[in-house]
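Read the structure below first, then the notes.
Bear in mind these aren't lab numbers, they're just calculated from the coordinates by the rules spelled out. The structure presented is a predicted model; accordingly, all values stated were derived computationally and were not measured. All Cβ positions, even for glycine, are placed from backbone atoms using ideal geometry, and neighbour counts span all protein chains on display.
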Amino acid sequence: MSNYYSPGKRQRESVQARKKQEKAQERAEKRARGPRELPVVSADEINGNLPSIADAMKNIENPGLVERSASGIRVRLFVGSLSSATSDSDLRAAFEAFGPVVDAVVMVERGTNISRGFGFVTMGNRKDAPRAIEALHGSELKGSLIVVNVATERR
């Protein structure tokens, strides 16, 4: 019985040997560099601008006095029946009257860059969306009556 090795096995063995050699070389380089110096930081740098325990307890007792800085939950709106003259900035301007607009885009054909007749507006706060839908659904924008509703995921 002869020791016959397939070319695949020889290749795997050579790859393993190469990896083993690279790993040994990396270890030797790490040893040669020696230990790294760790940066020294103070407790203030770690904590940042966290409130003190007394301030936190005061805020819990009087929640109305605390100013909330969390951003609102975004909502994406579908806008249909757009005229071909409507641009992204026109769409943004129409919706900014109801709250902050994160993004407004009119969908266009890839090759021709002609409007496909619909677009999407991302409102910065979901609480502004119902007012925008109510006011703009069926209204006129650039000579066309538009359709506005909450966008749904395509299946």
Item checked: Choice from 138, 34, 117 with maximal GNM fluctuation in the chain (Cα, 10 Å cutoff) -> 34
Checklist line | Other-chain or far-sequence residues with amide H under 5 Å of residue 77's (modelled H) | finding: 121, 122, 123, 151
Next item on the list: Note the full-extension length gain between residue 110 and residue 56 as 0.36 nm times their separation in residues minus their Cα-Cα distance, in nm to one decimal.
Entry: 14.1 nm
Notebook entry, point to check: Restricting to lysine pairs 8 or more places apart or on different chains, what number in the chain have Cα atoms under 23 Å apart?
Noted result: 5
Next item on the list: Once you have the Cα-Cα distance between residue 140 and residue 126, take 0.36 nm times their residue separation minus that, and quote the gain in nm to one decimal.
Entry: 2.7 nm
Check: Tell me, Kirkwood radius of segment 98-143 from alpha-carbon pair distances, in Å?
Finding: 12.1 Å
Item checked: Projected label distance in nm at residue 103 and residue 15, using a 7 Å step from Cα toward the beta-carbon -> 3.9 nm
Next item on the list: Rank 79, 102, 40 by mean-square fluctuation in a GNM of the chain with C-alpha springs under 10 angstrom and give only the top-ranked residue.
Entry: 40
Next item on the list: Using 0.36 nm per residue of separation minus the Cα-Cα distance, give me the extension gain between residue 85 and residue 49 in nm, one decimal.
Entry: 8.0 nm
Check: What label, among (i) 9.0; (ii) 10.8; (iii) 23.9, belongs to mean projected area of the Cα convex hull in nm² computed from the structure on display?
Finding: (iii)
Checklist line | Computed FRET value (nearest 0.05) for residue 30 with residue 73, which takes r as the C-beta separation and R₀ as 35 Å | finding: 0.15
